[in-house]
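K.L.:
The following block contains the structure, expressed as structure tokens.
The values are calculated or read from the model by the stated rules, or taken from the named source; none is laboratory data. These figures come from a predicted structure and were not determined experimentally. Here the Cβ positions follow ideal geometry from the backbone for every residue, glycine too, while neighbour counts run over all protein chains shown.
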Amino acid sequence: MKRGLVAISLSIILAACTGTPEPTPESARANPSATATLAKPEFVRAPAGTTSGAQWVTSEMAKAKADGTKLVIYVGATWCEPCQVFHRAVTEGKLDRDLAGVRFLEFDHDEHEAFLSDADMRCESKLIPLFARPTEQGTCGTARTEGGIKGEGAVGYILPKLQAILSEAP
């Protein structure tokens, strides 16, 4: 009986010791990805008075490269219902898992229309919202999706298309 108790106790102790050890500060510095978690998706609005969208995007690209964030150029409007629904879902945290590590560089279709329609920016679109991966020059790339549907189904319509362009090389 005593031998059985010892065997069970030993089994419990050994089972408890098979877990992965918590990272120490030294191991975390050696392997930062061990403790890093992807950031929640966020919107960064183009500053008021921005005259060169491409220049602003390229400056944001340098920041994203440093922190490992994926960038998406997002063109929406306050009057666009799919834009509102998607924006709200992101800001309320409903897409934290699906879009972890994504930073949306936000342009307002009406406010920034002049340089968005400029041929050099390459963000012309007949539909909004527009989501595009930026090129190295800070313009809207060919990996893009545009348009949405009205109502709460907008997120379900947009998300798979957005995930498809995120899986493409920038």
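K.L.:
Filter the strands (runs of 3 or more DSSP E) completely within the range 66-170 down to those with at least 1 residues that are without any contact (Cβ under 8 Å) to a residue 24 or more places away in the chain and of a type in the set (Lys, Arg).
P.N.:
Ranges flagged: 140-146.
K.L.:
From the residues in the range 121-159 that are under 19 Å from the mean Cα position of the chain (by Cα) and among the basic types (Lys, Arg), which one is farthest from residue 50 (Cα to Cα)?
P.N.:
That would be 144.
K.L.:
With the checklist (1) surrounded by fewer than 18 Cβ atoms within 10 Å (Cβ to Cβ); (2) modelled with pLDDT of 95 or more; (3) over 14 Å from the mean Cα position of the chain (by Cα) in hand, flag the one item residue 83 doesn't pass.
P.N.:
With respect to (1) surrounded by fewer than 18 Cβ atoms within 10 Å (Cβ to Cβ); (2) modelled with pLDDT of 95 or more; (3) over 14 Å from the mean Cα position of the chain (by Cα), residue 83 is out only on (1).
K.L.:
Still on this structure: Within the range 97-127, restricting attention to residues that are surrounded by 19 or more Cβ atoms within 10 Å (Cβ to Cβ) and hydrophobic (A, V, I, L, M, F, W, C), which residue is farthest from residue 81 (Cα to Cα)?
P.N.:
121
K.L.:
Going through 100, 77 one at a time, which residue ends up being modelled with pLDDT of 70 or more, of a type in the set (Gly, Ala, Ser) and under 15 Å from the mean Cα position of the chain (by Cα)?
P.N.:
Of the residues listed, the single one that is modelled with pLDDT of 70 or more, of a type in the set (Gly, Ala, Ser) and under 15 Å from the mean Cα position of the chain (by Cα) is 100.
K.L.:
Let me ask something else about it. Identify, from the list 132, 143, the residue that is small (Gly, Ala, Ser), surrounded by fewer than 19 Cβ atoms within 10 Å (Cβ to Cβ) and in the same structural domain as residue 85 (by TED's automatic domain parsing).
P.N.:
143
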